[in-house]
Amino acid sequence: GLCGFSEVININGVSDVLYHLALGTSTHDLPAMFGDVKFVCVGGSSRRMKAFARFMAAELGLPDAEADPPNICAGTDRYAMYKAGPVLSVSHGIGVPSICVVLHELLKLLHHARCTDVTVIRIGTSGGIGLEPGTVVVTQQAVDGAFQPRFEQMILGRPVVRGTELDGGLVAELLLCGRELSQFETVAGNTMCTMDFYEGQARLDGAFCCFSERDKQEYLARAYEAGVRNIEMEALVLAAMCKLGGLQAAVVCVTLLDRLQGDQLSGSHELLESFQQRPQRLVGLFIRKRLQASGSV
Ligand SMILES: O=P(O)(O)O[C@H]1O[C@H](CO)[C@@H](O)[C@H]1O
Ligand SMILES: O=c1cc[nH]c(=O)[nH]1
């Protein structure tokens with residue numbers, strides 16, 4: 001099995017229901033369906049993850065690359081899952097609770113399917129700090145709203161703190177892929193993960209706001225000082241849970257706007273869509289190179 005899994009994921013009894021994926025050990029042959037998975041890519045939107053599966057199928061020269069990939073989780077509309085050879089592409093919705101639930105079930109799925117050497121990568125969107133919109137940020141450290149690399153969760157009525165260290169070697173590898181593509185700016189930086197898109201990210205344009213433009217700018221300047229280059233809503237959990245499960249993990253997000261300049265996402269639909277494809281292209285190259293290096297393609 002995967003390193004550390006049996007200690008962390010304690011599964012009692014013979015059958016396990018992966019409720020939010022509409023999959024289970026007694027209803028599906030998980031080793032047959034998923035045994036070859038080496039990369040799990042996640043992102044908020046189901047359409048993006050379907051597009052990524054199609055893109056990966058073409059990138060890897062798979063025979064059915066032109067066809068619409070079927071949604072493996074069609075039995076539920078909580079999350080969507082697509083597969084392109086050794087690449088699983090899964091949506092996680094918005095925010096910490098949503099990604100937390102799907103990661104529990106994905107890590108159990110990988111365990112049941114007896115997968116080994118799996119790398120988990122989030123391909124997401126974010127708000128940048130002091131970066132040209134469209135810049136791709138590879139996360140060095142996932143930090144909370146106080147710029148600390150810690151994920152705190154209430155368990156049994158007590159706050160449990162978990163570390164969020166990411167693999168430095170993987171960051172370097174991904175940066176190299178960005179450089180090799182050289183289609184857009186790719187930088188390394190800390191990623192701040194918040195529990196909200198509006199007040200939690202120092203936006204003035206939510207339904208409520210209890211601070212001034214000046215307070216906002218001061219906070220974002222402090223974030224920049226602490227090495228934060230982008231803000232999103234899932235990096236902390238992804239880092240913490242993959243670390244606990246002994247899986248390599250990375251976060252690659254495009255910045256849709258510069259938060260020093262504003263709060264509203266007023267770019268055209270086409271522009272924002274094209275920005276979303278940047279992490280996909282970078283991670284696509286990374287996966288192809290990894291598979292080539294291991295002689296799989
Ligand atoms: O585009 P995704 O991957 O959802 O990522 C970002 O976008 C959402 C907010 O708009 C949050 O989930 C945030 O993390
Ligand atoms: O500003 C942004 C943009 C995308 N996603 C976020 O979480 N924040």
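Every read-out reported here was derived from the displayed coordinates using simple, explicitly stated rules and does not represent laboratory data. Predicted model only: the values in this text are computed from it and were never measured. Cβ sites come from the backbone with ideal geometry, for glycine too, and all protein chains shown count toward neighbours.
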Across (1) free of Cβ contacts under 8 Å to residues at least 40 places away in the same chain; (2) over 20 Å from the mean Cα position of the chain (by Cα), residue 84 clears everything bar (2)
Checked the range 238-294 for anything assigned to a helix (DSSP H, G or I), under 16 Å from residue 59 (Cβ atoms) and of a type in the set (S, T, N, Q); matches are 277, 280, 292
Of the residues 186, 194, which is surrounded by 14 or more Cβ atoms within 10 Å (Cβ to Cβ) and away from ligand 2 (no atom under 14 Å from the Cβ)? 186
Hey, residue 150 away from ligand 2 (no atom under 16 Å from the Cβ), surrounded by 13 or more Cβ atoms within 10 Å (Cβ to Cβ) and not hydrophobic (A, V, I, L, M, F, W, C) or not: yes
Only residues that are in contact (Cβ under 8 Å) with a residue 24 or more places away in the chain and either in contact with an Asp or Glu (Cβ under 6 Å, 6 or more places away or on another chain) or crowded, with 18+ Cβ neighbours inside 10 Å (or both): list them for the range 26-48, please. 30, 34, 37, 38, 39, 40, 41, 42, 43, 44, 46, 48
Find the residue count for the range 154-209, including only residues that are of a type in the set (Val, Ile, Thr) and assigned to a loop (DSSP other than H, G, I, E, B). 2
Within the range 49-76, residues touching a helix residue (DSSP H, G or I) at 6+ places or on another chain (Cβ under 8 Å), surrounded by fewer than 21 Cβ atoms within 10 Å (Cβ to Cβ) and in a helix (DSSP H, G or I) come out as 51, 55
